[in-house]
Amino acid sequence: MTFSDWPWRHWCRLRGDAPAVRLNDVVLSWRQLCAEVNALAAGFRAQGVNEGEGVLLRAYNQPSALLAWLALLQCGARVLPLNPQLPPSLLAALLPSLDLRYALVLNGDPLALDFTPLTLQRAAGDSTLPWREERLASMTLTSGSTGLPKAAVHSCRAHLASAEGVLAMIPLASDDDWLLSLPLFHVSGQGILWRWLLAGARLTVGEKQPLEQALRGCTHASLVPTQLWRLLNSEADVSLKAVLLGGAAIPVALTEQARARGIRCWCGYGLTEFASTVCGKEADGAPDVGQPLPGRALKIVAGEVWLRADSMAAGYWREGGVQPLVNEQGWFATRDRGEIREGKLTLLGRMDNLFFSGGEGIQPEEVERVLLAHPQIQQAFIVPLDDAEFGQRPVAVVECDAQCDVAALAAWAQDKLARFQQPVRWLTLPESLKTGGIKISRRALRDWVNALPGSQTS
């Protein structure tokens, strides 16, 4: 679909009285939503926000964050959503290069950097900028799992192209309701937002609350397998009919249990640089991540996944401009190892994560997939421990159910892994490394493991 106006204004003209968004327990029609966004946008304009200016939005998912996001877009701003848990040292190193002038802080401590503060204030009048789908709309930080995060910059058109591809796979009707279950400071959360806008469906946004409560009345959600397990095994009355799963291997038993409850499950592969999902399929227990969605293309070059797509970012923002993503061949080299099997992509791990122990190559993701088959393990990471004899040895860092005996996991894994793959230590994931984002930093895990007393071997 091609819009001639901001999507929320488009749907207001077509279906003004239809429900657009549920904010906690308050339902707004498209007409009411437009009125709210217009008033906030006028307020931001009165505070000096003009087209093309960089605005930092520091917030968790909540109604005010969604309304502010839409209003800032309507001002023509380039919005950087920021995880409130990111440490000040990282912000001090990262933010000065991103040309941000304003900051709207809804959650977290005040910023110690020199930004003009914004407040949520409503004003009269309509100073709406014309819709231009090619206008740069967002700056999204990459995971930074191996270094300082980069800010991938997307246009409205790229976000809509991402949504088009996903909705070609997962039906979303105008009377469906997708829960904003992932943070807007992560590209997966933004993916939900733009699918809602493209389809003219409903969106549910609430303050932090238990999942089964948040999902009441929702037909669609983006979840990790553990969340779906808990939901299906509870006594909750589930209205879901479609779930996009991510974050871990997806057991067949889970998808079968969901199907018996009338819920279809999909899974896929996505990147910040491509505004969320690139490949996808209906979950079937096979290890692949499906085929490229419409508007995406991939190929394997020397074992590495190369991508290009209509949803690709314009580049990385740095020092006043956009640095291209693509290589000389016009493709984005992902640093993901993969192969094509029967037209479908199977991911083998990150090329950057491979390490050697006694001359044997260890791909952490391969070992992690084995560990995640344990029913009590929710997250698993294999990180290298420096070793004088072997070069490096594998250490497992896991998050388990409360009743899980971490010490017993070594015995469980012994006949499931090659000898060189077996972790020499098993550690529990510390709370300090759960930053509130989607991904855990492998660099931080490695630094933590190697700094533990008695870690260095000789």
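The values are calculated or read from the model by the stated rules, or taken from the named source; none is laboratory data. If you're wondering where the values come from, they're calculated on a predicted model, not measured in any experiment. Note that each Cβ is placed from the backbone with ideal geometry, even for glycine, and that neighbours are counted across all protein chains shown.
Scanning segment 382-402 for residues that are closer than 19 Å to GLN227 by Cβ and either buried (at least 17 other Cβ atoms within 10 Å of the Cβ) or not hydrophobic (A, V, I, L, M, F, W, C) (or both) yields a count of 4.
For segment 17-24, the condition holds for no residue, the condition being that it is free of Cβ contacts under 8 Å to residues at least 12 places away in the same chain and acidic (Asp, Glu). Annotation: of all residues in segment 243-286 being more than 20 Å from LEU307 (Cα to Cα) and touching a Ser or Thr at 6+ places or on another chain (Cβ under 6 Å), the one that is modelled with the lowest pLDDT is ALA283.
Elements of the type helices (runs of 4 or more DSSP H) sitting completely within segment 28-110 and holding at least 1 residues that are touching a Ser or Thr at 6+ places or on another chain (Cβ under 8 Å) and closer than 24 Å to LEU198 by Cα: these cover 30-46, 63-74.
Could you tell me whether any residue of segment 167-180 is of a type in the set (Ser, Thr, Tyr) and surrounded by 18 or more Cβ atoms within 10 Å (Cβ to Cβ)? Looking through segment 167-180, none of the residues is of a type in the set (Ser, Thr, Tyr) and surrounded by 18 or more Cβ atoms within 10 Å (Cβ to Cβ).
Among the candidates GLY321, GLY338, GLY330, the residue that is without any contact (Cβ under 8 Å) to a residue 40 or more places away in the chain, buried (at least 20 other Cβ atoms within 10 Å of the Cβ) and of a type outside the set (A, V, I, L, M) is uniquely GLY338.
Of the listed requirements (1) in contact with a strand residue (DSSP E or B) (Cβ under 6 Å, 6 or more places away or on another chain); (2) surrounded by fewer than 20 Cβ atoms within 10 Å (Cβ to Cβ), LYS208 misses just one: (1). Scanning segment 204-241 for residues that are of a type in the set (Val, Ile, Thr) and within 17 Å of the chain's Cα centre (by Cα) yields VAL205, VAL224, THR226. What about ARG446, is it part of a strand (DSSP E or B), buried (at least 16 other Cβ atoms within 10 Å of the Cβ) and either touching a residue at least 40 places away in the same chain (Cβ under 8 Å) or out of contact with any strand residue (DSSP E or B) (no Cβ under 6 Å at 6 or more places or on another chain) (or both)? Taking the combined requirement at face value, the residue does not satisfy it. Evaluated against (1) surrounded by fewer than 19 Cβ atoms within 10 Å (Cβ to Cβ); (2) at pLDDT 90 or above; (3) under 25 Å from VAL305 (Cα atoms), TRP412 falls short on exactly one condition, (3).
In segment 91-134, the residue that is farthest from the chain's Cα centre (by Cα) out of those that are within 19 Å of ARG318 (Cβ to Cβ) and free of Cβ contacts under 8 Å to residues at least 24 places away in the same chain is ASP114.
Restricted to segment 350-414, the set of strands (runs of 3 or more DSSP E) holding at least 1 residues that are touching a helix residue (DSSP H, G or I) at 6+ places or on another chain (Cβ under 7 Å) and in contact (Cβ under 8 Å) with a residue 60 or more places away in the chain comprises 355-357, 360-362, 377-387. In this structure, GLN62 does not satisfy being farther than 22 Å from ARG202 by Cα, in contact (Cβ under 8 Å) with a residue 24 or more places away in the chain and surrounded by 15 or more Cβ atoms within 10 Å (Cβ to Cβ).
Using the structure shown, decide if LEU57 is among the hydrophobic types (A, V, I, L, M, F, W, C), under 22 Å from LEU148 (Cβ atoms), touching a Pro at 6+ places or on another chain (Cβ under 9 Å) and surrounded by fewer than 20 Cβ atoms within 10 Å (Cβ to Cβ). It is false that LEU57 is among the hydrophobic types (A, V, I, L, M, F, W, C), under 22 Å from LEU148 (Cβ atoms), touching a Pro at 6+ places or on another chain (Cβ under 9 Å) and surrounded by fewer than 20 Cβ atoms within 10 Å (Cβ to Cβ). Of the numbered criteria (1) surrounded by 23 or more Cβ atoms within 10 Å (Cβ to Cβ); (2) touching a helix residue (DSSP H, G or I) at 6+ places or on another chain (Cβ under 8 Å); (3) among the small types (Gly, Ala, Ser), the one ALA123 fails is (1).
Scanning segment 408-452 for residues that are farther than 17 Å from LEU86 by Cβ and small (Gly, Ala, Ser) turns up ALA408, ALA410, ALA411, ALA413, ALA418, ALA451. Just one of (1) in a helix (DSSP H, G or I); (2) farther than 30 Å from CYS12 by Cβ; (3) among the hydrophobic types (A, V, I, L, M, F, W, C) fails for CYS279. It is (1).
Only residues that are of a type outside the set (Ser, Thr, Tyr) and within 26 Å of the chain's Cα centre (by Cα) were counted in segment 42-61, giving 9.
For (1) surrounded by 14 or more Cβ atoms within 10 Å (Cβ to Cβ); (2) more than 19 Å from HIS154 (Cβ to Cβ); (3) of a type in the set (A, V, I, L, M), each residue gets a yes or a no:
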{"residue": "ARG78", "(1), (2), (3)": "yes, no, no"}
{"residue": "LEU94", "(1), (2), (3)": "yes, no, yes"}
{"residue": "ALA103", "(1), (2), (3)": "yes, yes, yes"}
{"residue": "ASN107", "(1), (2), (3)": "yes, yes, no"}
